[in-house]
Protein chains: 2
Amino acid sequence: MKADGKVLMAHGSGGRMARDLVEKVLVKPLHNPLLEPLDDSATMPFSGRMAFTTDSYVVRPIFFPGGDIGKLAVCGTVNDLAMVGARPLYISLALILEEGLPLSELQQVVASIRQAADEADVRIVTGDTKVVDHGAADRLFVNTAGVGLVPEGINVSGANARPGDAVILSGSIGDHGIAVLSRREGLSFETELVSDCAPLAGLVADMLAACPAIRAMRDPTRGGLASTLNEIAAKSKVCIRLDERNILVRDAVRGACEMLGFDPLYVANEGKLVAIVPAGDASRVVEVMRRHRYGRDAAVVGEVLDAPAGRVLLKTAVGATRVVDMLTGDLLPRIC
Amino acid sequence: MKADGKVLMAHGSGGRMARDLVEKVLVKPLHNPLLEPLDDSATMPFSGRMAFTTDSYVVRPIFFPGGDIGKLAVCGTVNDLAMVGARPLYISLALILEEGLPLSELQQVVASIRQAADEADVRIVTGDTKVVDHGAADRLFVNTAGVGLVPEGINVSGANARPGDAVILSGSIGDHGIAVLSRREGLSFETELVSDCAPLAGLVADMLAACPAIRAMRDPTRGGLASTLNEIAAKSKVCIRLDERNILVRDAVRGACEMLGFDPLYVANEGKLVAIVPAGDASRVVEVMRRHRYGRDAAVVGEVLDAPAGRVLLKTAVGATRVVDMLTGDLLPRIC
């Protein structure tokens, strides 16, 4: 591999160049005993309730303040597993490379995949690499699927919210979407905007230890907090009422949103979670969250009501109440 | 969903249009009880040795004689699980859609995903959809990851071939690669060329029932039979000697290869497998395979020797012996 090399079509062929790319650029930096056999599937023992998820990542640009497409992919899949209460264990990694992609960029992404996997204590156990001709993909697309173990007695689902429950948010909203957009569009702000991209499984483990009865969890990615809570309200057939005063939006994000005409409630996050918990457990859960690096700004931001079912309402800072609907169209394309 | 509709950026947004697309075009045709909760991960009980694999599909064109990118994705992942002896159970499905893709084509692909999943007796339990702007991807890329269960006592790996073993091939080679290429390039031949794309887990189950001691299995996809056997020879540190007279190449494929200057040994298959089995079990395994619809032309095509280790040799029809090396470059890009 030459330091100034680029991805060629032959790197996707199944021949010697493909093998070299896989061995040197992927397997070596991602090495672990389960990946090593390089058979058509990885195999390992598993016993219990399995969680299984997948996400493809098409973020543009692939490098942004606070992360890159590799870190995003690992964190996104780790978080999807954590949101059903699972302990993430194994990750698959499939890359679609555009011919001409600098190998140095691929290596940088793989290094951050390794770093994110190590932080989240998951192993990349199987993978795939495809190359498409120049112009047939935009640089690099990543897919990660993940397998995790749901501890016994845990039953977290978007359908489980009940009237009376409390709604907890782990921190500020909108950081990821605005950070990616600012890099993409070359916007600059007084304060640097940084993606919140982070693996939340450790935070979730602490939360479940404090409150095994957590009803629902979601990471509010595409569509933001508003869309995520609309999904939970619809699935659980409840109303969710937010209190705007308790929802943290960083000044830089608020300023950017005002300038661009965005509502932070709809802007993507990649290192935040919303949890619905029995009201009596809320303060204990918040306390535990605040001790974790990814939950320092955790707060109760709303409550679950019985009606109007399927609706999300917002009590604004000035005391009015408005409906927080799902977006019909598109706010920020390709932020994950 | 209008019948003449197209994929729009908003279908990837996380908002209402995205939800509609997922519900109507994906969840409804793929419906099963494990997919239904639509939480961030699917969950299900699992106990035993787990196989886990992933593949992205970028085949061009997405429809070809004998299949399409959807059937290919399901079969490919089912086969990767089967090649370690696993019974395929659960599949994840992640789509990257190019803005402007006709919804009717997406629906056709999803229908064939369902059909292939039903034939292979696997369930699509989790998924993801991303949309990229026109020109940032080539129509439709598919990723499938899969989870399967390896029965107790089965230990199939590319590293397990031993001198004295027999090499079995399940049927003719080169059909998939040539079928895709002919459609892509608008070539026509006297006999229609059809991809062999098929799920092989049923065939493998029959083979393992007849011979639990199968050493190694691979489906010779990208890079063809030659590359696959080179991998096994390298991993197992053995020599594999093929007998050209026993390797079936259909006339239409042979003719196309001669015209195009390809060696069928390097052309991709998507419904064939090569198995390394103890010599004493070979005839029983072949017999069982021939009773299966995807193994009717199964035959012993070679043997495993101790030296030269890592090499694949071919005894040609005229009695000479030549080295079958890995390709360095690229024969047929984007055939899977």
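The values are calculated or read from the model by the stated rules, or taken from the named source; none is laboratory data. In this text, all values refer to a predicted model and were calculated from it rather than measured experimentally. Every residue, glycine as well, gets a Cβ built from its backbone with ideal geometry; the counts of neighbours run over all protein chains shown.
The table below gives the values:
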| item | result |
| --- | --- |
| Some residue of the range A:171-182 being charged (D, E, K, R), at pLDDT 95 or above and in the same structural domain as A:K24 (by TED's automatic domain parsing) | no |
| Residue within the range A:35-57 that is closer than 30 Å to B:G310 by Cα, among the hydroxyl-bearing types (S, T, Y) and touching a Phe, Trp or Tyr at 6+ places or on another chain (Cβ under 9 Å) present | yes |
| Qualifying residue in the range A:102-111 (condition: on the phi < 0 side of the Ramachandran plot and either within 14 Å of chain B (Cβ to nearest Cβ) or under 16 Å from the mean Cα position of the chain (by Cα) (or both)) | no |
| Residue in the range A:167-189 that is among the charged types (D, E, K, R) and either assigned to a loop (DSSP other than H, G, I, E, B) or in contact with a Cys (Cβ under 8 Å, 6 or more places away or on another chain) (or both) present | no |
| Filter result for B:Y90 (of a type in the set (F, W, Y), surrounded by 17 or more Cβ atoms within 10 Å (Cβ to Cβ), touching a helix residue (DSSP H, G or I) at 6+ places or on another chain (Cβ under 7 Å) and facing chain A (nearest Cβ under 8 Å)) | no |
| Of residues in the range A:301-336 being among the acidic types (D, E) and more than 25 Å from A:V180 (Cα to Cα), the one surrounded by the most Cβ atoms within 10 Å (Cβ to Cβ) | A:E303 |
| A:L242 vs. criteria within 27 Å of A:T321 (Cα to Cα) and not in a helix (DSSP H, G or I) | yes |
| Extreme residue, farthest from the chain's Cα centre (by Cα), among residues of the range A:205-245 that are more than 11 Å from every other protein chain (Cβ to nearest Cβ) and of a type in the set (V, I, T) | A:V238 |
| Residue list for the range B:1-43, filter: charged (D, E, K, R), farther than 16 Å from A:A234 by Cα and touching a strand residue (DSSP E or B) at 6+ places or on another chain (Cβ under 8 Å) | B:D4, B:K6 |
| B:K235 of a type outside the set (G, A, S), surrounded by fewer than 24 Cβ atoms within 10 Å (Cβ to Cβ) and touching a Lys or Arg at 6+ places or on another chain (Cβ under 7 Å) | no |
| Selection within the range A:197-209 - among the small types (G, A, S) and either in a strand (DSSP E or B) or out of contact with any Phe, Trp or Tyr (no Cβ under 9 Å at 6 or more places or on another chain) (or both) | A:A201, A:A205, A:A209 |
| Residue satisfying condition, being free of Cβ contacts under 8 Å to residues at least 40 places away in the same chain and either within 14 Å of chain A (Cβ to nearest Cβ) or not β-branched (V, I, T) (or both), within set B:P333, B:P278 | B:P333 |
| Matching residues, the range A:103-157, being within 20 Å of A:D20 (Cβ to Cβ), of a type in the set (S, T, N, Q) and surrounded by 23 or more Cβ atoms within 10 Å (Cβ to Cβ) | A:T126 |
| Every pair of residues 6+ apart whose Cβ atoms lie under 8 Å, when the first sits in the range B:133-147 and is within 7 Å of another protein chain (Cβ to nearest Cβ) and closer than 18 Å to B:L26 by Cβ while the second is among the small types (G, A, S) and surrounded by fewer than 24 Cβ atoms within 10 Å (Cβ to Cβ) | B:A137/A:A136 |
| Conditions (1) surrounded by 23 or more Cβ atoms within 10 Å (Cβ to Cβ); (2) part of a loop (DSSP other than H, G, I, E, B); (3) not charged (D, E, K, R): number failed by B:P212 | (1) |
| Filter result for A:Y294 (within 17 Å of the chain's Cα centre (by Cα), away from chain B (no Cβ under 14 Å) and not charged (D, E, K, R)) | yes |
| Residues within the range A:245-257 that are in a helix (DSSP H, G or I) and either within 15 Å of A:P163 (Cβ to Cβ) or not hydrophobic (A, V, I, L, M, F, W, C) (or both), tallied | 5 |
| Flag if B:G319 is among the small types (G, A, S), free of Cβ contacts under 8 Å to residues at least 40 places away in the same chain and within 28 Å of B:A73 (Cα to Cα) | no |
| Test for A:V301: is it assigned to a helix (DSSP H, G or I) and within 21 Å of the chain's Cα centre (by Cα) | no |
| Residues of the range B:10-55 satisfying the condition of being in a loop (DSSP other than H, G, I, E, B), of a type in the set (S, T, N, Q) and at the interface with chain A (Cβ under 7 Å from one of its Cβ atoms) | B:S13, B:S41 |
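Results for (1) surrounded by fewer than 17 Cβ atoms within 10 Å (Cβ to Cβ); (2) under 21 Å from B:S157 (Cα atoms), shown as yes or no for each residue.
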{"site": "B:C239", "(1), (2)": "no, yes"}
{"site": "B:A268", "(1), (2)": "no, yes"}
{"site": "B:G280", "(1), (2)": "yes, yes"}
{"site": "B:R291", "(1), (2)": "yes, no"}
{"site": "B:A299", "(1), (2)": "no, yes"}
